[in-house]
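*Asks:* Pasting in a structure now, in structure tokens, and then I'll have a few things to ask.
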Amino acid sequence: MSEVQLAGDAVAQTGFWLHPSVVLILGALVIPLLKGSIQQGYRVALALVFIFLVFQTQSGVYGRFEFAGLDLVTGRADKLSLAFAYVFSLITLIATIYSLHVKDNIQHVSSLFYAAAATGVAFAGDLLTLYVFWEMMMLASVWLIWRNATRTAYSSGYRYLMVHAISGVMLLAGIVLFYGETGSLAFEQMQVTSLPFYLILVGLLINAAVPPFHAWLSDAYPESTITGVIFLSALTTKTAVYTLIRGFPGTDFLIWLGVIMALWGVVYALLANDIRRLLAYSIISQVGYMVAAVGMGTVIALNGATAHAFSHILYKSVLFMSVGAVITMTGKSKLTELGGIYKYMPITFLLYMVGAASISAFPLFSGFVSKTMIAEAAAVEGIAWVWLLLSLASAGTFLYTGLKLPYFTFLSKDVGLRPKEAPWNMLLAMGIAAFFCLFIGIYPAWLYSFMPFPVEYNAYSAGHLFWELQLLLFTGLGFFLMVKYLGGEHKLSVDTDWVYRKLAPKIVLSAASLVRRTWRAVMAALQVVTNGVWQSLRRTYGDEGVMGQTWGIGVTTIWVVLFMALYGLYVVIF
Amino acid sequence: MKLSKLGRALEWMHDHSKLLSRIMLTVMALLVIANFIFPAGYDRFFWESWPGAGAAYGLFSCFVIVVVSKFLGYKFLYRPENYYDNESKPNELTGDPAKRESGDE
């Protein structure tokens, strides 16, 4: 693998720079003071200001200061960090519009804190700043799960928090050791220096939802609020991808982890019945492409990972938003309970299909110009198995997001649901995101213009078109041949979260019961011993015992008189 | 319930799905035939120069994914829908404290 240097285009700037995250955080704090349409207008305006601040940021190093002898950089803006900041700011506006009707200040504030923290990670030039924003992301995002206000949301949000706390601790430990070894906190490409390298890497991989550390995602996202999941699906895994591109390009074993991840997501998505769980697994599958690309570490691969993260955030938001609209309007979230609603929610249906075509990498849609870039990177490297397995996962992606989910949600049999079309703000948000999906697919030069390296890649070559179109259309044929085996089933699939949801409680409970039993046995044995002592004491001093008996007054008088007589005799004689 | 114009258009397509699927199959056949006439132009992997390789791999992938996933599902992964329900009923998870004290859990 060739070595790739990412640093270079960021030069120190002395100009004044307003950190977009700081503005967003301060702005979010005002939201609870406002009400009604003023609040709605303010939220949209705030998101627009955020976009403006991000997009007018020029490459450079800003916000550099010394703190306790540490050299901190809060604003390292180069092409890579800007690409991620751009899409984070876009999705903030889209998700804000989508959630315009929601009246829940806690959600509004925490979602903006969350977006600000993710952008803060993208701009962080040192590991300490990165860590602070990393933890802030966790603390802000968990509210988007908890505010769904169901029992399952509460417990899965708690698990989400625990897993991310572990990720944070590993990251922090890695950073501390890294500082101890190198004496620097700068966040650049990591050199393999044993422990800190792996600690930081595992911390990042947990957030990127790489198996076996991925189950928090498929556990928590389907339980979150309808609007919160748009932020969740866009931010946490993609900031992790950003940090991987920045810190760990060319780490060979990530290629295979990525491939496993892509296929893992496919298998579980195909088994899923809950439509948001299906999409959650499809995030894992898609992030697998990016992780594999980071593992390859070549120029085209890293461009591909960045481009795919960018288009992924947009098309995945379309998918989650339309599915969220379906859940809002029908109150159902399972494939087995849905069907036949396409004509009542036609706009939602068509916008969903735009997102589905994008994620499946149909030509003219955004996934095509980014996903094929990663496949191309594998082809250039000549790693045939990776290429074939990623193509397989690509067919699988179309199978479950492009065919299975829309077929059983919108088409299939009419189950008697008569929902109204989604409200205008939801449709508008979906429309904006869908527009970007098409725009990027038709005019990829726009996306390519802010990739970390100059892009010399043509997605629309005859080879790519033939391969993708044939792959997808014949996967479709396969779907319709096997359609009766593919409907949702009244089942759930256990994943690695089984370890801490079933196995660990079982171990803890059986350990507790073992301790309890042992304690009881010890107490019982002690009782036998003390009982023996007690009994023998009783025999001597008890009611029946020699020493414990009481005597009648007469007898006592005789004994007293006898002893006094003996004493008198003693006195008289001596 | 009254349908929107778009809804009616989609309903028409739904009602004529036989026709549409025939058109689609024709398009797919033409795509493979076109691939025979115009080569893909890549030969980094040997199959890239085979016309129709994508079509074959697509069908193969679909079949493999469905069979493997369903096999894993039925053999190892599927559980009843209420499998994790005890999480929201703490007493079922840790045992009923009243029963636990009397020692016959």
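*Asks:* Choose one of A:Ala165, A:Met329, A:Leu177: the residue whose Cα lies farthest towards the positive end of the charge dipole of the protein assembly as shown (beta-carbon charges +1 Lys, Arg; -1 Asp, Glu; about the Cα centre).
*Replies:* Looking along the dipole axis, the top candidate is A:Met329.
*Asks:* Using a 10 Å cut-off around each Cβ of peptide A:479-488, what is the average number of partner chain Cβ atoms that fall inside? Write out the running numbers ahead of the final one.
*Replies:* Working: counts 2, 3, 4, 5, 0, 0, 3, 3, 0, 0.
Taking all residues of A:479-488 together, the mean is 2.
*Asks:* If you don't mind, another one. Taking beta carbons within 10 Å but only from partner chains, what does the mean come to for residues B:68-78?
*Replies:* Averaged over the peptide's residues, the number is 5.
*Asks:* What's the ranking of A:306-314, A:190-198, A:427-435 by average number of surrounding C-beta atoms within 10 Å, highest first? Show your work: numbers first, answer last.
*Replies:* Details: A:306-314: 26.7, A:190-198: 14.0, A:427-435: 22.2.
Output ranking for A:306-314, A:190-198, A:427-435: A:306-314, A:427-435, A:190-198.
*Asks:* Find the percent of Cα-Cα distances in segment A:59-149 that exceed 20 Å, and round it to a whole number.
*Replies:* 42 percent
*Asks:* A follow-up question, please. Rank-order A:208-217, A:286-295, A:458-467 by packing density, defined as the average count of other C-beta atoms within 10 Å over each peptide's residues, highest first. Write out the running numbers ahead of the final one.
*Replies:* On the way: A:208-217: 22.9, A:286-295: 29.5, A:458-467: 18.6.
Averaged packing, sorted descending, gives the order A:286-295, A:208-217, A:458-467.
*Asks:* While we're on this one: Using the alpha-carbon atoms, what tilt in degrees (0 to 90, nearest 10) does helix A:36-55 show relative to the longest principal axis of chain A?
*Replies:* Between helix and principal axis, roughly 70 degrees.
*Asks:* A further question follows. Which of A:Val533, A:Ser510, A:Leu562 sits farthest toward the positive end of the charge dipole of segment A:502-573, with +1 on the Cβ of Lys and Arg and -1 on the Cβ of Asp and Glu?
*Replies:* Result: A:Ser510, furthest along the dipole toward the positive end.
*Asks:* Another one. Considering only DSSP states other than H, G, I, E and B, which trypsin sites (Lys or Arg not before Pro) in segment A:138-211 qualify as loop sites with at most 10 other Cβ atoms within 10 Å?
*Replies:* Listed in order of number, the matching sites amount to none.
*Asks:* I've got another one for you. In whole Hz, with x marking every Gly and Pro, tabulate ³J(HN,Hα) for segment A:470-486 from phi via Karplus 6.51 cos²θ - 1.76 cosθ + 1.60, θ = phi - 60°.
*Replies:* Along segment A:470-486, the couplings run 5, 4, 6, 5, 7, 4, x, 4, x, 4, 6, 6, 10, 4, 6, 8, 10 Hz.
*Asks:* What angle do you read, to the nearest 10 degrees and between 0 and 90, between the alpha-carbon axis of helix A:553-573 and the longest principal axis of chain A?
*Replies:* For helix A:553-573, the angle is close to 60 degrees.
*Asks:* Continuing with this model, one more query. List the residues, sorted by chain then number, that are 5 or more residues from A:Asp126 or on another chain and whose placed amide H is less than 5 Å from its amide H.
*Replies:* Those lying under 5 Å, H to H, from A:Asp126 are A:Val73, A:Phe187.
*Asks:* Sticking with this one: I want the local charge near A:Phe231. Using Cβ-Cβ distances under 15 Å, sum +1 for each Lys or Arg and -1 for each Asp or Glu among the other residues.
*Replies:* +3
*Asks:* While we're on this one: Between A:Lys491 and residues 5 or more places away or on another chain, which pairs have amide H atoms under 5 Å apart, with H built 1.01 Å from N, and which residues are they?
*Replies:* none
*Asks:* Around B:Leu3, under 11 Å between beta carbons, what's the net of Lys plus Arg minus Asp minus Glu among the other residues?
*Replies:* Taking every Cβ under 11 Å from that of B:Leu3, the sum is +3.
*Asks:* Now for a separate question. Set the Förster radius R0 to 30 Å, insert the Cβ-Cβ distance between A:His101 and B:His14 as r into 1/(1 + (r/R0)^6), and round the FRET efficiency to 0.05.
*Replies:* Working: r = 30 Å, r/R0 = 1.00.
The value I calculate is 0.50.
*Asks:* Evaluate the charge dipole of segment B:5-78 about its Cα centre and quote only its size in Debye, nearest 20, assuming +1 on the Cβ of each Lys and Arg and -1 on the Cβ of each Asp and Glu.
*Replies:* Values: 7 positive and 4 negative charges, 61 e Å.
It works out to roughly 300 debye.
*Asks:* Straight-line reach from A:Lys79: which lysines have Cα under 29 Å away, leaving out those fewer than 8 places along the same chain?
*Replies:* A:Lys238, A:Lys316, A:Lys371
*Asks:* To continue, here is another question. Listed highest first by mean packing, meaning other Cβ atoms within 10 Å per residue, what order do A:52-61, A:360-369 come in?
*Replies:* Top of the packing list down: A:360-369, A:52-61.
*Asks:* For chain A, give the magnitude of the charge dipole about the Cα centre (Cβ charges: +1 Lys/Arg, -1 Asp/Glu; no others), in debye to the nearest 20.
*Replies:* Numbers: 32 positive and 26 negative charges, 401 e Å.
Charge dipole, chain A, about its Cα centre: 1920 debye, nearest 20.
*Asks:* Further, regarding this structure: Which FRET efficiency, nearest 0.05, do A:Leu364 and A:Lys413 yield, Cβ-Cβ r, R0 30 Å?
*Replies:* 0.45
*Asks:* Please go through the residue pairs A:Lys484/B:Lys5; A:Lys420/B:Lys5; A:Lys404/B:Lys70 and name each one whose alpha carbons sit more than 22 Å apart in this structure.
*Replies:* Pairs exceeding the cut-off: A:Lys484/B:Lys5.
*Asks:* What size of dipole, in debye to the nearest 20, comes out for segment A:502-573 about its Cα centre when the only charges are +1 on Lys and Arg C-beta atoms and -1 on Asp and Glu C-beta atoms?
*Replies:* 880 debye
*Asks:* Given only helices, namely DSSP H runs of n ≥ 4 each adding -39500 (n - 2.57), what is the per-residue ellipticity at 222 nm of the protein assembly as shown, to the nearest 500 deg cm²/dmol?
*Replies:* -22500 deg cm²/dmol, from helical runs alone.
*Asks:* How much net charge surrounds A:Pro211 when only other residues with a Cβ under 12 Å from its Cβ are counted (Lys, Arg +1; Asp, Glu -1)?
*Replies:* -2
*Asks:* When Cβ neighbours within 10 Å are restricted to other protein chains, what is their mean count per residue of peptide A:339-350?
*Replies:* That average works out to 4.
*Asks:* Still on this structure, please answer the following. Please name which of A:Ala305, A:Ala433, A:Leu403 has its Cα lying farthest along the dipole of chain A towards the positive end, using unit charges on Cβ (Lys, Arg +1; Asp, Glu -1) and the Cα centre as origin.
*Replies:* A:Leu403
*Asks:* For segment A:263-270, take each phi angle, set θ = phi - 60°, evaluate the Karplus expression 6.51 cos²θ - 1.76 cosθ + 1.60, and give the result in whole Hz per residue in order, putting x for glycine and proline.
*Replies:* So the J values, rounded to whole Hz, are 7, 4, x, 4, 4, 6, 5, 5.
*Asks:* Right, another one. Spelling out what I want: for every residue of segment A:283-288, take phi, set θ = phi - 60°, compute 6.51 cos²θ - 1.76 cosθ + 1.60 (Karplus), and round to whole Hz; glycine and proline get x.
*Replies:* 4, 4, 4, 5, 5, x
*Asks:* Next question, about the same structure. Give the aspartates and glutamates reachable from A:Lys502 as a straight Cα distance under 18 Å; neighbours fewer than 8 places away on the same chain don't count.
*Replies:* A:Asp219, B:Glu81, B:Asp85, B:Glu87, B:Glu92, B:Asp96
FYI, it's all coordinate maths here, none of it is from the lab. Remember, predicted model here, so these are calculated numbers, not experimental data. Please note: Cβ atoms are built from the backbone with ideal geometry, for glycine as well, and neighbour counts cover all protein chains shown.
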